[in-house]
Amino acid sequence: MNTPAASEPRAAADRTQLCVGLGERSYDIVIGPGLLAEAGARIAALRPGARVGIVTDHNVADRHLGTVETALRAAGLSPTPVLVAPGEKSKCFAVFEEVVDALLAARIERGDLVLALGGGVVGDLAGFAAAALRRGVDFVQAPTSLLAQVDSSVGGKTGINSRHGKNLVGAFHQPILVLADTGALDTLPLREFRSGYAEVAKYGLIDNAPFFAWLERKWQAVFGGGPERIEAIATSCASKAAVVSRDEKETGDRALLNLGHTFGHALEAGAGFSQRLLHGEAVAIGMAQAFRFSAAQGLCAEGDAARVEAHLRSVGLPTRIADIPGTLPDTDGLMALIGQDKKVSRGALTFILARGIGQSYIARDVDPSQVRAFLEVERQSR
Ligand SMILES: NC(=O)c1ccc[n+]([C@@H]2O[C@H](COP(=O)([O-])OP(=O)(O)OC[C@H]3O[C@@H](n4cnc5c(N)ncnc54)[C@H](O)[C@@H]3O)[C@@H](O)[C@H]2O)c1
Ligand SMILES: O=C(O)C(=O)C[C@@H](O)[C@H](O)[C@H](O)COP(=O)(O)O
Ligand SMILES: [Zn+2]
């Protein structure tokens with residue numbers, strides 16, 4: 001993950017702009033305050049006169065839909081809102097059907113647009129609807145959660161969950177534009193901000209030890225909303241844009257972005273995709289586990305695993321299975337969920353492990369009996 005993004009971040013006034021380089025499917029990520037009010041002009045510049053199906057959830061609609069609708073109308077676009085219930089449970093077949101149906105009823109045609117206005121749930125769901133609608137219409141991401149601004153709005157992974165596990169049905173479908181209005185984060189609840197922060201820390205842990213050290217020093221300012229927040233978002237997006245430009249469909253090192261997700265997705269599914277465990281919280285536990293597992297295998301120093309856990313705990317994130325309220329499947333149940341991970345190949349497990357902070361790597365053919373034994377210990381530890 002060390003090659004630069006297709007373009008390095010450029011800052012103009014209070015905007016940072018990057019490009020995800022994917023040939024004719026390249027697109028810009030624009031980061032800064034006030035971008036929702038500019039959505040109309042920026043989208044009309046790409047698709048003048050389009051109808052726009054705005055997929056959003058009730059929480060985001062209450063706070064930000066009016067701004068976006070006004071902006072789109074002022075730019076000569078025709079918006080139709082499509083509202084879903086907030087939360088992970090909306091990433092399901094039933095809600096997917098409702099969204100597609102509403103977009104068809106709104107006569108969103110090829111040449112029109114879907115706009116995902118919300119967090120990662122809305123982005124994944126709306127993006128998948130756009131990928132399927134009339135065999136593919138364009139879509140724009142307007143991420144309003146920290147997690148969506150640093151991760152899910154970039155890279156084109158879209159989809160829904162199945163009873164067999166997380167994100168098991170979906171498509172790669174890139175947006176044509178990402179508008180990350182950092183002002184929208186002012187209305188985001190603290191627990192959701194923390195959850196998104198786990199994915200920010202992930203970029204440091206993957207291959208950018210100086211960024212992780214910077215976060216250890218500056219996390220309070222990132223939470224506080226100063227310029228450090230925008231810097232953390234831009235650094236995260238630059239990391240993601242670089243790897244997606246190189247490996248759009250995860251045939252190689254894009255899998256590094258899955259650090260913490262093999263354990264984390266199993267825990268999320270085990271908790272029933274409920275408010276008991278948010279995605280970023282599951283990733284925080286999963287990253288701490290990936291480092292503890294790596295240390296237990298003698299791959300990385302115990303001190304690195306302890307440092308990862310200490311930082312995640314200092315911002316208030318969970319790091320242990322015991323931090324999850326309520327009951328979870330037993331170890332065999334968790335192993336069955338891990339067995340459905342999309343990185344599994346001919347039954348062999350792949351994990352993202354670490355030789356140290358910023359030294360993550362893709363470990364193929366990990367011995368399931370060692371994972372099982374590790375989980376048995378983890379389930380008892382506090
Ligand atoms: N496609 C990808 O590459 C990718 C990457 C990471 C995560 N994801 C997915 O993203 C999802 C998690 O995303 P999330 O953490 O954004 O969850 P989310 O979409 O559920 O949003 C979090 C909560 O915050 C609310 N919210 C969002 N923006 C708000 C705002 N500005 N003000 C007030 N409330 C606001 C939402 O209504 C929701 O209740 C998971 O499904 C995860 O699998 C996808
Ligand atoms: O973009 C990617 O690639 C990622 O892995 C980013 C992850 O943070 C994200 O949660 C993603 O949705 C997980 O992908 P999956 O392929 O494991 O479902
Ligand atoms: Zn994730």
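For the subset of region 278-316 comprising residues that are within 15 Å of ligand 2 (Cβ to nearest atom) and aliphatic (A, V, I, L, M), which member is farthest from the chain's Cα centre (by Cα)? If we take residues in region 278-316 being within 15 Å of ligand 2 (Cβ to nearest atom) and aliphatic (A, V, I, L, M), then A290 is farthest from the chain's Cα centre (by Cα). Against the test of being assigned by the TED database to the domain that holds A142, crowded, with 16+ Cβ neighbours inside 10 Å and in contact with a Leu (Cβ under 6 Å, 6 or more places away or on another chain), the options A50, A102 yield a single qualifying residue, A50. Kindly establish whether A5 is modelled with pLDDT under 95, farther than 27 Å from L168 by Cα, in a loop (DSSP other than H, G, I, E, B) and aliphatic (A, V, I, L, M). So A5 fits the description; yes. Here region 183-222 is the region considered, the condition is being of a type in the set (V, I, T) and more than 16 Å from the chain's Cα centre (by Cα), and the residue that is farthest from D57 (Cα to Cα) is V222.
For region 132-145, taking the residues that are of a type in the set (A, V, I, L, M, F, W, C) and over 20 Å from D28 (Cβ atoms), the one that is surrounded by the most Cβ atoms within 10 Å (Cβ to Cβ) is identified as L133. Those residues that are surrounded by fewer than 16 Cβ atoms within 10 Å (Cβ to Cβ), within 8 Å of ligand 1 (Cβ to nearest atom) and in contact (Cβ under 8 Å) with a residue 40 or more places away in the chain, I need them from region 165-192; list them, please. Residue satisfying the conditions is T187 alone. As for region 221-236, it holds at least one residue that is at pLDDT 95 or above and within 12 Å of ligand 2 (Cβ to nearest atom).
Just one of the listed residues (V154, V169) is within 12 Å of ligand 3 (Cβ to nearest atom) and β-branched (V, I, T), and it is V154. Regarding region 194-205, can at least one residue be identified that is more than 16 Å from ligand 2 (Cβ to nearest atom) and buried (at least 21 other Cβ atoms within 10 Å of the Cβ)? Taking every residue of region 194-205 in turn, none turns out to be more than 16 Å from ligand 2 (Cβ to nearest atom) and buried (at least 21 other Cβ atoms within 10 Å of the Cβ).
The requirement of being over 22 Å from E378 (Cβ atoms) and free of Cβ contacts under 8 Å to residues at least 24 places away in the same chain is not satisfied by G303.
Every condition in (1) farther than 30 Å from P33 by Cβ; (2) buried (at least 21 other Cβ atoms within 10 Å of the Cβ); (3) within 14 Å of ligand 3 (Cβ to nearest atom) is met by E250 except one, and the failing one is (2). Scanning region 23-57 for residues that are assigned to a helix (DSSP H, G or I) and in contact with an Asp or Glu (Cβ under 7 Å, 6 or more places away or on another chain) gives a single hit, L36. Taking region 140-158 as the range and being more than 10 Å from ligand 2 (Cβ to nearest atom) and not hydroxyl-bearing (S, T, Y) as the test, the residues that pass are V140, Q141, A142, P143, L146, A148, Q149. Looking only at region 271-293, residues that are more than 16 Å from ligand 3 (Cβ to nearest atom) and either touching a Lys or Arg at 6+ places or on another chain (Cβ under 8 Å) or part of a helix (DSSP H, G or I) (or both) come to 4 in all.
The values are calculated or read from the model by the stated rules, or taken from the named source; none is laboratory data. Not measured: the values here are computed from a predicted model. Heads up, the Cβs are rebuilt from the backbone with ideal geometry, glycines too, and the neighbour counts pull from every protein chain shown.
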